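*Asks:* Below is a structure I'd like to ask you about.
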Amino acid sequence: MKAIAVIPGQQNSIHMQDAPDPAPAVNEALVRVLRVGLCGTDAEINSGLYGEAPSGSDYLILGHENFGVVESVGSEVKGIKPGDYVVASVRRPCTECFNCQHGRADLCTSGKYTERGIKGRHGYMAEHYTESPEFLFKIDKAIKDIGVLLEPMTIVEKGAAQALEIQKRLPSNPRTALVFGAGPVGLLAAAALRVRDLDTLVVSKEADSDPRAQIAKAMGCRYFSIDGTSLGQLGKRIPCPDMIMECTGSSAVGFAAMQMLAADGILCLLSVTGGDKTELVHAAEINRDLVLRNNVVFGSVNASPTHYKLAIRALKTAQKKWPGVLAQLITTRLPWTDFAKWFNREVSGIKTTLEIRG
């Protein structure tokens, strides 16, 4: 079969190559990949910043945001059948960590987990893959056009679920929320919050007329363009929210968000900041405000099976409330043979997918 792969650690090594056809075991399903979503992680791996090939392989098949259809199942497989649309989860548990052995590989403490298309296990930018049913999640036909958004939605759902669980410390529920960033994760975060009926404000650099802003508004969010407004001024121009989800990848925004929370508010950091840039912050002031306002700041990454199920429910609810709106996040559907156009930054927009099969 054909696959898109990199040589981990080698800059701009992405290429299409022949790979062995996967042979499913009796307890596995064979999945035909229909499309994969592209994100910053894929670009960073191709830049040589990280990425790890499976043991015994000198290459890593990329791709973690996936959507496919079951082609066949082994004799011992239950709950999945040929023709089912599925999304496979990304992380696989290690054999040492207590959390991994109890279904929470997303909270691995050993660091010895593997991740499809990222760390020690081939990904989904291939014509087929095999997988155990425990890592496959069925997608209703009603949301098959946005099924490829499930993996990033799981990240959002985990963050939101953890925030709401922590906020059970309060006698009241959060009512207002702010999302920093109107990229794919930011807009999915806005959807997750609106599905929960929170009054949601999206803050991003794009103009009010930008498609990102229009998607946010279509979901009932208010939108504020930070263009021309400093982070220091921002806190004076918008109300302090009960909950903030930071989705920009900017450390400066993360620290600014800490000072914008309402009393008893909570900040979820969903973006990973790279590089070696330093920020000048008022550490004493930030620390004082967090303490005196009873604020909480936490980070979140990856997701458990529970969050995949929550994300499926969120996508279904969003599709019903705002038909076709989340599909607008996918601004480019690129034939997978043209993958280099995205990695060479010849493609712009909100979200790009590689179309492997129609």
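*Asks:* Using the Cβ atoms and a cut-off under 13 Å, what net charge is assigned to the surroundings of residue 28, where Lys and Arg are +1 and Asp and Glu are -1?
*Replies:* Surrounding charge for residue 28 is -3.
*Asks:* Under 14 Å from the Cα of residue 168, which aspartates and glutamates turn up, not counting those fewer than eight places away in the same chain?
*Replies:* Reachable aspartates and glutamates: 242, 264.
*Asks:* What number comes out for the charge environment of residue 145, summing +1 per Lys or Arg and -1 per Asp or Glu over other residues with Cβ under 13 Å away?
*Replies:* After counting each charged neighbour, the total is +4.
*Asks:* Over 22 Å between C-alpha atoms is what I'm after, so list which of 138/320; 158/309; 141/217; 81/141; 277/341; 144/321 land there.
*Replies:* 141/217; 277/341
*Asks:* Now for a different question. Work out the FRET efficiency for residue 276 and residue 145 from their Cβ-Cβ distance, taking R0 = 56 Å, and round it to the nearest 0.05.
*Replies:* Between residue 276 and residue 145 the formula returns 0.90.
*Asks:* Connecting C-alpha atoms closer than 10 Å in a GNM of the chain, tell me which of 18, 276, 58 has the biggest fluctuation.
*Replies:* Largest GNM mean-square fluctuation: 276.
*Asks:* Less than 20 Å apart at the alpha-carbon level, and either on another chain or at least 8 residues along: which lysines does that give for residue 236?
*Replies:* 205
*Asks:* Quick query: amide H of residue 267 versus all other amide H atoms, modeled in the peptide plane; which residues come in under 5 Å with a sequence gap of 5 or more or a different chain?
*Replies:* 244, 296, 297, 298
*Asks:* For the stretch 153-299, what D do you get in µm² per second when you plug the Kirkwood radius from alpha-carbon pairs into Stokes-Einstein at 20 °C and 1.002 mPa s?
*Replies:* 140 µm²/s
*Asks:* By count of other Cβ within 10 Å, fewest leading, how are 234, 178, 354 ordered?
*Replies:* Sorted ascending by nearby Cβ count, the order is 234, 354, 178.
*Asks:* Provide the net charge surrounding residue 177, with neighbours chosen by a C-beta distance below 11 Å and charges set as Lys +1, Arg +1, Asp -1, Glu -1.
*Replies:* Summing Lys/Arg as +1 and Asp/Glu as -1 gives +1.
*Asks:* For semi-axes √(5λ) of the Cα gyration tensor in Å, several values are listed as [x] 37, 22, 19; [y] 34, 22, 21; [z] 30, 24, 20; flag the one computed from this structure.
*Replies:* [y]
*Asks:* Additional query: Restricting the count to DSSP beta bridges whose residues both fall in the stretch 48-178, what percent are antiparallel, rounded to a multiple of 5?
*Replies:* The answer is about 70 percent antiparallel.
*Asks:* With a 10 Å Cβ neighbour count serving as the proxy for reagent exposure, in which order, fewest first, do 258, 1 appear?
*Replies:* 1, 258
Here, each number is a calculation from the coordinates, and none is a lab measurement. Nothing here was measured: the structure is a model prediction, and the numbers come from that model. Ideal geometry is used to build each Cβ from the backbone, glycine not excepted, and the neighbour counts take in all protein chains shown.
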